[in-house]
Amino acid sequence: MGRKLGFWLGLLVVVVLIGGGAYWGIQNHDTKGSRRAVPTFYLHGYGASGRSSQSMIAAAERQKRATKVYTATVSKTGQVTLRGHWPAKVKRPIVQVVFKANQNSNYQTTSHWFKQVLLAVKQRHTFTRYNAVAHSMGNLTLWTAILRYDGQRGLPRVNRVVDIAGHFDGIIGMDDEPNQIKLAKNGRPKPMNASYRPLLALRQKLAKHQVRILNVYGNLDNGSHSDGRVSNASSQSLRYLVAGRARRYREREFHGRSAQHSQLHENPKVDRVINRFLWQ
């Protein structure tokens, strides 16, 4: 009798353990709904923080029922910490990216950090595509990451990109001056700076007809043809890098004081254009 009782108790323990393992396995994996969701990552610019993308994220939540699910903080040594929760029912998840080393302009380094952000989020939720919204220096980080890692095994593919005030071919007062850059009919800029040349590889390596791009830039209408920090020609030089490869490429120019470099990400008109592009 004792042996039989021990057998049945042992069997019961095995069943409970197996059942418990199945339960926790379900809890730790995505539902179909979350796998279909395409997260949108917001990247800030030089010297900035999460505050620079906060109003854009709030507008996305208000206008398009998007939901901020994570803040991904990258330490000065590249360690990623995720704070937040991504419920399976969320259809338009947003991830706010914050770089503690926010003055690091080594795009090989920052692009690797962004890759680590993608991997960190993917460990919690399986997704195959992602969108990105980048301001200023965040654009160089993003496009360097796309060039180096897009299509790499185990990583999601870029789906839609919003570039805001991208200094692809220089910054006024550093390696550019107002009205200095000239664009050929095909968009090729002259001169080309040191940050632009490595991105020329996108003309051969960017996956064909995959990514939709919205390029946003500001014009103060003061004769500089710039947002005060970045010339319009520097921002527009993105076209030459992606022409013939992007699934769709559009430009939107904004005017006046609210189109100043750091005001573009606080501009309600810009918010509406971005949100329509991301979630039509």
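The values are calculated or read from the model by the stated rules, or taken from the named source; none is laboratory data. Note that this is a predicted model, so its numbers are computed, not measured. As a convention, Cβ positions derive from the backbone with ideal geometry for all residues, glycine included, and neighbour counts pool all protein chains shown. Accessible surface is based on the protein model in full, side chains and every heavy atom, while ligands, DNA and RNA are left aside. Shrake-Rupley method; radii C 1.70, N 1.55, O 1.52, S 1.80 Å.
Screening Asp175 with (1) acidic (Asp, Glu); (2) open to solvent by 40 Å² or more (accessible area, probe 1.4 Å); (3) within 24 Å of Ser53 (Cα to Cα) gives one miss only, at (3).
Is it the case that Leu238 is open to solvent by less than 20 Å² (accessible area, probe 1.4 Å), under 20 Å from Ile57 (Cβ atoms), out of contact with any Pro (no Cβ under 7 Å at 6 or more places or on another chain) and modelled with pLDDT of 95 or more?
Answer is no for this residue.
Pairing residues of the range 141-155 that are touching a residue at least 60 places away in the same chain (Cβ under 8 Å) with residues that are among the hydroxyl-bearing types (Ser, Thr, Tyr), at Cβ distances under 6 Å and at least 6 apart in sequence or on separate chains, gives Thr141/Tyr107; Thr141/Thr110; Thr141/Ser111. In the set (1) surrounded by fewer than 23 Cβ atoms within 10 Å (Cβ to Cβ); (2) more than 19 Å from the chain's Cα centre (by Cα), the condition left unmet by Arg148 is number (2).
Could you tell me whether the range 93-110 includes any residue that is among the charged types (D, E, K, R) and within 19 Å of Arg157 (Cα to Cα)?
Taking every residue of the range 93-110 in turn, none turns out to be among the charged types (D, E, K, R) and within 19 Å of Arg157 (Cα to Cα).
Listed here are the residues, each with its yes/no results for (1) more than 21 Å from the chain's Cα centre (by Cα); (2) open to solvent by 60 Å² or more (accessible area, probe 1.4 Å); (3) under 30 Å from Pro93 (Cα atoms).
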| site | (1), (2), (3) |
| --- | --- |
| Leu200 | no, no, no |
| Val211 | no, no, yes |
| Tyr249 | no, no, yes |
| His255 | yes, yes, no |
| Ala259 | yes, no, yes |
| Leu264 | no, no, yes |
| Val273 | no, no, yes |
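The residues of the range 48-77 that are without any contact (Cβ under 8 Å) to a residue 40 or more places away in the chain and assigned to a loop (DSSP other than H, G, I, E, B), listed by number, are Arg65, Ser75, Lys76, Thr77.
Matching residues to (1) basic (Lys, Arg); (2) out of contact with any helix residue (DSSP H, G or I) (no Cβ under 9 Å at 6 or more places or on another chain):
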| residue | (1), (2) |
| --- | --- |
| Asn215 | no, no |
| Asn222 | no, yes |
| Ser231 | no, yes |
| Lys269 | yes, no |
| Ile274 | no, no |
| Gln280 | no, yes |
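Restricting the search to the range 160-176, which residues are of a type in the set (Gly, Ala, Ser) and within 21 Å of Ala145 (Cβ to Cβ)? Within the range 160-176, Ala165, Gly166, Gly170 qualify. Answer yes or no: is there a residue in the range 96-106 that is closer than 23 Å to Gln236 by Cα, of a type outside the set (Asp, Glu) and either open to solvent by 20 Å² or more (accessible area, probe 1.4 Å) or in contact with a Cys (Cβ under 6 Å, 6 or more places away or on another chain) (or both). Looking through the range 96-106, at least one residue is closer than 23 Å to Gln236 by Cα, of a type outside the set (Asp, Glu) and either open to solvent by 20 Å² or more (accessible area, probe 1.4 Å) or in contact with a Cys (Cβ under 6 Å, 6 or more places away or on another chain) (or both).
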